[in-house]
Amino acid sequence: MMLLYAIALILVNFILYFFFGLLLWPLAKKEGFSVCRTVFSGFFLYYLLFSLICIPVMLRWRPLSFMTRIWTAVLLLVFRISLGLFRREWKGLISRMGSAWKTDWWFWGSVLALVIVQALFILMNYQFTLDAAYYVANVTTSLKTDMMNVYDPYTGEWQDHFQIRYFFASYSMNDAVMCRLFHVHPLIWCKTTMAGTAIALTNMVLCMIGRELFPGRRREVLLFLFFAGVMNFFFITIFTSSNFLLTRTYEGKCLLANVVLPGVLYLMMALWKDTKSLWGWVMLLVMSMGSSALSSSANMLLPAAMGVTILPLALIRHDIKVVWKTAACMVPSLLLMLAYVAYVKGVFVFYTYPK
């Protein structure tokens, strides 16, 4: 019964991302409505807003229960705003989603089948890396102590200062908040709900890329998804994103490798079609800021990924302005990277108690 509950919470995650994504929908009206694009936008906005609230709460040494109450209020507010702003469009949105399903039921049914097959193989796999153990232990410790990142997950001992590697990466704290909110065990939430969410998000982003590569050609997109899955299952080394997807699925780095980095490629493909797309540039900035919540590695990987993709775009489009716009989107990641280095060098410290 708990397993079914955990699986149902995967759908809850996507509903949450969808409602957060609706807040950015006015920017994407030129591109047209898309459920996948809305969920994609909402995913990064969700973690961006969570970090903006969670970090000050941690700095004030407030308990996890306090953060849970705040985040519950934020979720309710987002629901209210989304429903209020788009109350006139809801009928049309539901109608369009229904029409899309009726028209392409075989395509979306096949995509769903691919996701389910992958999820069955991955979720039944035994995952016990050191980082994976840390994620579950950190969530469990936070729930038991009702504090956030204050106690060492491995030993349970009090830490006099926050570990900067996990301070800005609030992914596990969101897991703890959701475990408290939905009354689910951390291992079930991490191993099933968040791992399943990561698998579904990975395929969603790949599907979005496939639709850009093969516009209007459903069979080719489906084949693209199928062979991407084959590549993931048969190309596992410590140097590939497949390793994180199959063996470290419920870590923040899995989302960084399989959702964020392909997401950069997708946004660059969208900007290739229209370098003046307001949604594309805003999303690039939101991604830069929101990805830091998943893993501190994002602060180095995102600027690198943006750098290698923007130069071909600037050359193809003969538009040097896109380089400066992308550089501006890199600023949040670069600032957090510099803050990390300064913290490690002892320039400043965040204590876990008033001093």
Quick one: is residue 336 at negative phi, crowded, with 19+ Cβ neighbours inside 10 Å and modelled with pLDDT under 90? no
Boolean, residue 275 is surrounded by 23 or more Cβ atoms within 10 Å (Cβ to Cβ), closer than 28 Å to residue 28 by Cβ and out of contact with any strand residue (DSSP E or B) (no Cβ under 9 Å at 6 or more places or on another chain): no
Tell me, which residue of segment 25-34 that is assigned to a helix (DSSP H, G or I) and surrounded by 15 or more Cβ atoms within 10 Å (Cβ to Cβ) is modelled with the lowest pLDDT? 28
Test: residue 308 is exposed (fewer than 13 other Cβ atoms within 10 Å of the Cβ), β-branched (Val, Ile, Thr) and closer than 14 Å to residue 264 by Cβ: yes
Does segment 35-47 contain any residue that is in a loop (DSSP other than H, G, I, E, B) and within 21 Å of residue 179 (Cβ to Cβ)? no
Members of segment 118-138 found to be of a type in the set (A, V, I, L, M) and either in contact (Cβ under 8 Å) with a residue 40 or more places away in the chain or farther than 15 Å from residue 247 by Cβ (or both), listed by number: 119, 120, 122, 123, 132, 136, 137
For segment 1-36, which positions are among the β-branched types (Val, Ile, Thr) and under 21 Å from residue 280 (Cα atoms)? 35
Could you list, ordered by first residue, the pairs with Cβ atoms under 6 Å in which the first is in segment 139-152 and in contact (Cβ under 8 Å) with a residue 12 or more places away in the chain and the second is surrounded by fewer than 20 Cβ atoms within 10 Å (Cβ to Cβ) and in a helix (DSSP H, G or I), at least 6 apart or interchain? 146/65
Any idea how many residues of segment 66-86 are of a type in the set (Gly, Ala, Ser) and at pLDDT below 95? 2
Per the filter on segment 227-256, residues in a helix (DSSP H, G or I) and under 15 Å from residue 121 (Cα atoms) are 229, 230, 231, 232, 233, 234, 242, 243, 244, 245, 246, 247
Restricting to segment 246-298, and then to whatever is closer than 24 Å to residue 117 by Cβ and among the hydroxyl-bearing types (Ser, Thr, Tyr), can you tell me which residue is modelled with the highest pLDDT? 266
Take residue 341 and decide whether it is within 18 Å of the chain's Cα centre (by Cα) and of a type in the set (Val, Ile, Thr). no
Residues in segment 271-294: is at least one β-branched (Val, Ile, Thr) and without any contact (Cβ under 8 Å) to a residue 12 or more places away in the chain? no
Hey, can you tell me all the residues within segment 134-189 that are surrounded by fewer than 20 Cβ atoms within 10 Å (Cβ to Cβ) and at positive phi? 146, 156, 183
So for segment 95-116 (the condition being loosely packed, with under 13 Cβ neighbours inside 10 Å, within 24 Å of the chain's Cα centre (by Cα) and at pLDDT below 70), does at least one residue qualify? yes
Condition first: surrounded by 15 or more Cβ atoms within 10 Å (Cβ to Cβ), under 29 Å from residue 165 (Cα atoms) and either free of Cβ contacts under 8 Å to residues at least 24 places away in the same chain or basic (Lys, Arg) (or both). Now tell me which residues in segment 312-333 satisfy that. 325
Find the residue count for segment 216-240, including only residues that are at pLDDT below 85 and within 30 Å of residue 176 (Cβ to Cβ). 3
If residue 61 satisfies all but one of (1) part of a loop (DSSP other than H, G, I, E, B); (2) more than 23 Å from residue 353 (Cβ to Cβ); (3) not basic (Lys, Arg), what's the number of the condition it fails? (2)
Hey, any hits in segment 141-161 for a residue that's part of a helix (DSSP H, G or I) and among the aromatic types (Phe, Trp, Tyr)? no
Being in contact (Cβ under 8 Å) with a residue 12 or more places away in the chain and out of contact with any helix residue (DSSP H, G or I) (no Cβ under 6 Å at 6 or more places or on another chain) narrows 233, 239 down to just 233
Just checking, which of 266, 250 is of a type in the set (Ser, Thr, Tyr), in contact (Cβ under 8 Å) with a residue 24 or more places away in the chain and under 14 Å from residue 309 (Cα atoms)? 266
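The values are calculated or read from the model by the stated rules, or taken from the named source; none is laboratory data. Just so it is clear, the model here is predicted, and its values are computed rather than measured. Using ideal geometry, Cβ is built from the backbone for each residue, glycine included, and neighbour counts are taken over all protein chains shown.
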